[in-house]
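Q: Have a look at this one before I ask anything.
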Amino acid sequence: MSRVPTSPGYAPAGARPRGRRRLSEVLLPVSGAIVTVASTPGPGTTDAPVFVLVHGIGMSHRYLERLHRELAGAGAVHSVDLPGFGRSPKPEDGVSIEQFADYLAELLPTLSAGPVVLVGHSMGAQFVTETTVRHPALVSHLVLIGGVTDPARGSVPLQALDLARDTLKEPATGTFIVLGDYLRCGPRWYLATLRPMLAYRTDLRLREVLAPTLVIRGKDDPVSRHDWGVHLAAQAPRGRLLELPGRHLVQFSAATATAAAIRLHAHTPAAPIGEDAANGAVAP
């Protein structure tokens, strides 16, 4: 795995053979944090989308690998390990959804010259939502998979119960990846990120999203439930809900169908970016 500095012109996908996935460490220039990125170059056409995949709490790029492969034929794909997760060192500054969104805002221009299709799973849906609100010029399309947290089920005991119910019926291969990443993450960091996850109102922040928004959930997902999915899609000005066979790891168990929906969504006409967004304004 190589370590690379960031610069406005740096594009990891351009320096390696097409179709090959490569891990790189990206040093963010402002925060000084390190983000690990698994990248696959796209087909090389100027109109091909760039997909950026963001994991949930305690996780890494590894459980996004199936979705990554399915999307790779349509455009460049970058799956990230945010600071503190997977292979990326824990940051020295505080833990908040806003801070993780700003990490992504530093990272995205190093991956693409233009706005990207930003995809987040579970807590990753919070990271990408906040990124899109704070830095709208960087995101053309937004995708939330198994988005959290429904305030009606926002307590630690209820979240633990829902996660246990889900884990019992997920594919064993996906569960092994999840457990391995949880062990790497460690209980202290997991609990530190759990608090902001439970407090963050994804639904309220979606009201400020300009980009077309696709909400995806597994039909049998006990963590991100049907009523919550309907509510999330309704909050986004250009939102819609898609339910697929599966549970919370629907991007793993139904990767082909999930990728097909994301590819289609990527061709939805993007909203015109206002002057403030074009100038890189950050929402409060």
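The values are calculated or read from the model by the stated rules, or taken from the named source; none is laboratory data. Being a predicted model, the structure only gives us computed values, none of them experimental. For the accessible areas, the whole protein counts, side chains as well, though only heavy atoms, and no ligand, DNA or RNA atoms are used. Shrake-Rupley method; radii C 1.70, N 1.55, O 1.52, S 1.80 Å.
Q: So in the chain, what percent of DSSP beta bridges are antiparallel if you round to the nearest 5?
A: The antiparallel proportion sits near 30 percent.
Q: For a quick check: with amide H placed at 1.01 Å from N, whose amide H comes under 5 Å from Val50's, ignoring anything fewer than 5 positions away on the same chain?
A: Amide H neighbours of Val50: Val117.
Q: Let me ask another. Among rounded, prolate and oblate, which fits segment 131-284 when a ≥ b ≥ c are the square roots of the eigenvalues of its C-alpha gyration tensor, a/c under 1.5 means rounded, and a/b larger than b/c means prolate?
A: Judged from the Cα gyration tensor, segment 131-284 comes out prolate (a/c at least 1.5, a/b above b/c).
Q: Sticking with this one: Considering the values [x] 161; [y] 233; [z] 115, which represents volume of the Cα convex hull per residue in Å³ as calculated for the structure under consideration?
A: [z]
Q: Rank Leu183, Leu118, Leu67 by mean-square fluctuation in a GNM of the chain with C-alpha springs under 10 angstrom and give only the top-ranked residue.
A: Among Leu183, Leu118, Leu67, the largest GNM mean-square fluctuation belongs to Leu183.
Q: Please work out whether segment 89-152 counts as rounded, prolate or oblate from its C-alpha gyration tensor, where a ≥ b ≥ c are the square roots of the eigenvalues and a/c under 1.5 means rounded, while otherwise a/b larger than b/c means prolate and anything else oblate?
A: Values: a/c = 2.04, a/b = 1.15, b/c = 1.77.
Oblate shape, in that a/c is at least 1.5 and b/c is the bigger or equal ratio.
Q: Here is a further query. For the chain, what % of the accessible area comes from carbon and sulfur atoms, probe 1.4 Å?
A: Roughly 57 percent of what the probe reaches on the chain is carbon or sulfur.
Q: With a 1.4 Å probe and every protein chain left in place, work out the accessible area per residue of segment 145-284 in Å², rounded to a whole number.
A: Solvent-accessible surface per residue comes out at 50 Å².
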